[in-house]
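Chemist: Attaching a single structure in structure tokens format; questions to follow.
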Amino acid sequence: MPHRANGSYVSNADALTAWTPAAREALLATATTYHALITADDLAAQVQQDSGIATDQPAGFWVRKLLDRVAAEVQRREEPPLASLCVLDSDDDAAAMERLLCYRSYATDLPADGGVPARAPRTTLTVRREPRARAATPRVREAAIPSLREVTCTNCFMIVAVRETCSSCGAPLQAIEDPQAPGPRQTVADPATKETVRRPRRG
């Protein structure tokens, strides 16, 4: 949060209000040199120093809002588009022409022919809004779903879950051990006999 040198806090809106005239002055100074630019980090450092209000937030979080305020202020004053002298993460011919208007108004070393528009070097296109950190979501393992064991009732011939009695007709379920099924014991019904038959496991 923005704060003064004495440690007292300042709202973001009040900080931007205090930084706007300081930013305009820094941009006016930049415009006095033909084809000069100011980076967002340099502008941010300058306005904090001149206003006495500092912030721990990186410039990428608030410098765009500051430049929007500067743009509104210079338009009110009918001045050239000074905000174009601080290039963020993109540039085009229209912005280059806006900067030329600033140089033609304030540059002390402007060529006699009025100069030409020029795009910003790629090295100045460095400011982007920093992404918010996302909390890591713990991975939850899904519980293994046991396989459903079923048998055929020898009384009603319905396929039902393995249990002592048939869930359809209530008759006792006769079962034999299934040697192929995993687990300590799994049974299937024996339709040919009502006796329990045990078979040895393989392997």
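The values are calculated or read from the model by the stated rules, or taken from the named source; none is laboratory data. What you see is a predicted model, and the numbers here were worked out from it, not measured in a lab. Here the Cβ positions follow ideal geometry from the backbone for every residue, glycine too, while neighbour counts run over all protein chains shown. These accessible areas exclude ligands, DNA and RNA; they are computed on the full protein's heavy atoms, side chains included. Shrake-Rupley method; radii C 1.70, N 1.55, O 1.52, S 1.80 Å.
Chemist: Any idea how many residues of the stretch 1-23 are buried (at least 17 other Cβ atoms within 10 Å of the Cβ), more than 16 Å from VAL87 (Cα to Cα) and hydrophobic (A, V, I, L, M, F, W, C)?
Modeler: Final tally of qualifying residues: 6.
Chemist: Can you find, within the stretch 81-109, the residue that is farthest from LEU37 (Cα to Cα) among those that are in contact (Cβ under 8 Å) with a residue 60 or more places away in the chain and in contact with a Pro (Cβ under 6 Å, 6 or more places away or on another chain)?
Modeler: SER105
Chemist: Follow-up. Being at pLDDT 95 or above, under 23 Å from LEU110 (Cα atoms) and open to solvent by 20 Å² or more (accessible area, probe 1.4 Å) narrows it down to one of ALA94, ALA26, ALA45, so name that one.
Modeler: ALA94
Chemist: For the list (1) open to solvent by less than 80 Å² (accessible area, probe 1.4 Å); (2) in contact with a strand residue (DSSP E or B) (Cβ under 8 Å, 6 or more places away or on another chain); (3) assigned to a loop (DSSP other than H, G, I, E, B); (4) at pLDDT below 75, I need the number of the one condition that VAL160 fails.
Modeler: Of (1) open to solvent by less than 80 Å² (accessible area, probe 1.4 Å); (2) in contact with a strand residue (DSSP E or B) (Cβ under 8 Å, 6 or more places away or on another chain); (3) assigned to a loop (DSSP other than H, G, I, E, B); (4) at pLDDT below 75, only one is false for VAL160: (3).
Chemist: Exactly one of these conditions fails for ALA22: (1) free of Cβ contacts under 8 Å to residues at least 40 places away in the same chain; (2) farther than 19 Å from ASP89 by Cβ; (3) in contact with a Cys (Cβ under 9 Å, 6 or more places away or on another chain). Give me its number.
Modeler: Exception for ALA22: condition (3).
Chemist: Condition first: under 15 Å from LEU27 (Cβ atoms), among the polar types (S, T, N, Q) and either in contact (Cβ under 8 Å) with a residue 24 or more places away in the chain or open to solvent by less than 90 Å² (accessible area, probe 1.4 Å) (or both). Now tell me which residues in the stretch 50-80 satisfy that.
Modeler: Hit for the stretch 50-80 is SER51, nothing else.
Chemist: Output the residues belonging to the stretch 79-91 that are modelled with pLDDT of 95 or more and either farther than 14 Å from VAL63 by Cβ or not small (Gly, Ala, Ser) (or both).
Modeler: Residues satisfying the conditions are GLU79, PRO80, PRO81, LEU82, LEU85, CYS86.
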